[in-house]
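Novice: Structure provided below as structure tokens; questions to follow.
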Amino acid sequence: MAPQQRKRATIREVAEATGLSPAAVSYALRGIQTSGETQERVRRAAAELGYNVDRIARALASGRTGTVGLLFGSLEDLWQQLLGVGLGSALLDRDNYALLVDAAGDPERQIHLARQLRDQRVDGLIVQPLDPSDERWEELAQSLPIVSIGDALPGGGVASGAVGGPAGEVLFDNRAGVALALAHLHKLGHRRIGVLTPTQPSTPDRPADIQVTAEAERLGLDVSIISSPPVLSEATEVAREVLTKTDRPTALFCFADSIAYGAYAAARELGLRIPDELSVSGYDGHPMSALLTPALTTMDWNVDRIVRAAVRLILSAIEQKPYRRRTVQPPRLRERGSTGPPETRA
């Protein structure tokens, strides 16, 4: 005789086991409006009783899907992969699922994907925009909560959660980041610097790139800004072209560590020693950068803090709770062996 299937536990049974109301149990399972101790006690009781959240019933009752879209510029960029993993894990800890989507470096595709995510009824969207100046972000923000990471979107000056602007922003302090990177190379004696950026010619007004021009003028640097994808093979090709010029730069400042890996590969092919004949600096502090030989000088943006801030903003917006809408993340220079004084040429 086949064993009887165990009846699925209900939220009321979890409430009785913990001495809480069903509403409090629901809040605790979602990680909101209850203490950490209460949340742990409820989760433990739910596990012992075999209680699983009925997501379909919750969606019908609340009008929410429990899903947040994560829309990245290019997952070829290893730092964006790291960010995606962190966001997905943090959302799951708060009983939300992440739907991760890659724009593959195409600004038009990113807008199209954002609209598709909206139409698929995600509760909110976290985006690292390829073209933050695109006015269509403001239109999208009218129909679902959007939190941007890196750069501000149009309408960012409005009050938190107001119609007509993004729900929140986790901004990089690119003014400080660019100033630290270029001042470091300037102090070492570099005056001709190549800047490799993932920014495309069609979207030239990224805040970080604009800051390079201003800071280079202040320091008296000869800077050339070159577009480079974060894909290793393509970044290597771009760096190789820059480094084979007769007036090649003595240092490369790369706006993604993934691009800097291409610079390492090109330097190796050309027989250029780092940092003796070429200094290389990254910008996003990927953990693998410390494992290179020599280890890569880069910026640490504290990805864990970025993840916590973005998740807090998007869930607060979805739940219509009051919150501080903008977070500005400062950088920290991690000076390592890939940068040094330029070689003296005869």
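The values are calculated or read from the model by the stated rules, or taken from the named source; none is laboratory data. Quick caveat: nothing in here was measured; it's all calculated off a predicted structure. A quick note on method: Cβ atoms are made from the backbone with ideal geometry, for glycine too, and the neighbour counts reach across all protein chains shown. All accessible areas refer to the heavy atoms of the entire protein, side chains included, with ligands and DNA or RNA removed. Shrake-Rupley method; radii C 1.70, N 1.55, O 1.52, S 1.80 Å.
Novice: If you roll a 1.4 angstrom probe over the protein chains with everything in place, what fraction of the accessible area of the chain belongs to carbon and sulfur, to the nearest %?
Specialist: 51 percent
Novice: Can you give the % of DSSP beta bridges in the chain that are antiparallel, to the nearest 5?
Specialist: 10 percent
Novice: Kindly write out, for region 249-262 in residue order, the coupling ³J(HN,Hα) from the Karplus curve 6.51 cos²θ - 1.76 cosθ + 1.60 (θ = phi - 60°), rounded to whole Hz, with x marking Gly and Pro.
Specialist: x, 8, 8, 10, 10, 10, 7, 7, 4, 4, 5, 4, 5, x
Novice: Hey, what did region 276-324 get for relative contact order, percent, Cα under 8 Å, at least 6 apart?
Specialist: After rounding, I find 26 percent.
Novice: Between 28, 114, 208, where does the largest GNM mean-square fluctuation fall for the chain, given springs only between Cα atoms within less than 10 Å?
Specialist: 28
Novice: Also, quick follow-up: Leaving out ligands and nucleic acids, note down the accessible area per residue over the chain with a 1.4 angstrom probe, in whole Å².
Specialist: 48 Å²
Novice: Then there's this: Each residue of region 309-322 in turn: what ³J(HN,Hα) in whole Hz from Karplus with 6.51, -1.76, 1.60 and θ = phi - 60°, glycine and Pro shown as x?
Specialist: Each residue of region 309-322 in turn: 5, 5, 5, 4, 5, 5, 6, 5, 5, 4, 8, 6, 9, x Hz.
Novice: Then there is this: Just check region 81-180 against the gyration tensor rule for me: Cα atoms, a ≥ b ≥ c as the square roots of the eigenvalues, rounded for a/c under 1.5, and otherwise prolate or oblate depending on whether a/b exceeds b/c.
Specialist: Rounded shape, in that the Cα axes give a/c under 1.5.
Novice: Next question. Once amide H atoms are placed 1.01 Å from N in the peptide plane, what residues at a sequence separation of 5 or more from residue 67, or on another chain, have their amide H within under 5 Å of its amide H?
Specialist: Result for residue 67 returns 97, 123.
Novice: For region 69-78, what does the Karplus curve 6.51 cos²θ - 1.76 cosθ + 1.60, with θ = phi - 60°, yield as ³J(HN,Hα) per residue in whole Hz, taken in order and with x for Gly and Pro?
Specialist: x, 10, 10, 10, x, 7, 7, 5, 6, 5
Novice: If you build the convex hull over the alpha carbons only and average its shadow over all orientations, what do you get for the chain? Give it in nm² to one decimal.
Specialist: Computing the convex hull of the Cα atoms and averaging its projections yields 21.8 nm².
Novice: Quickly estimate the mean residue ellipticity at 222 nm for the chain, helices only: each DSSP H run with n ≥ 4 gives -39500 (n - 2.57), and the total goes over all residues, rounded to 500.
Specialist: That comes out to -13000 deg cm²/dmol.
Novice: Still on this structure, I have one more. Between residue 302 and residue 24, what is the label-to-label distance in nm when each label sits 7 Å out along the Cα-to-Cβ direction?
Specialist: With each label placed 7 Å out from Cα toward Cβ, I get 3.4 nm.
Novice: Pop the C-beta distance of residue 244 and residue 173 into the FRET formula with R0 = 35 Å and round what comes out to the nearest 0.05.
Specialist: 0.50
Novice: How much length, in nm to one decimal, is gained on full extension between residue 191 and residue 33, taken as 0.36 nm per residue of separation minus their Cα-Cα distance?
Specialist: Extending this stretch completely gives an extra 51.4 nm.
Novice: Round to the nearest 0.05 the FRET efficiency obtained for residue 326 and residue 44 when R0 = 56 Å and r is the Cβ-Cβ distance.
Specialist: 0.95
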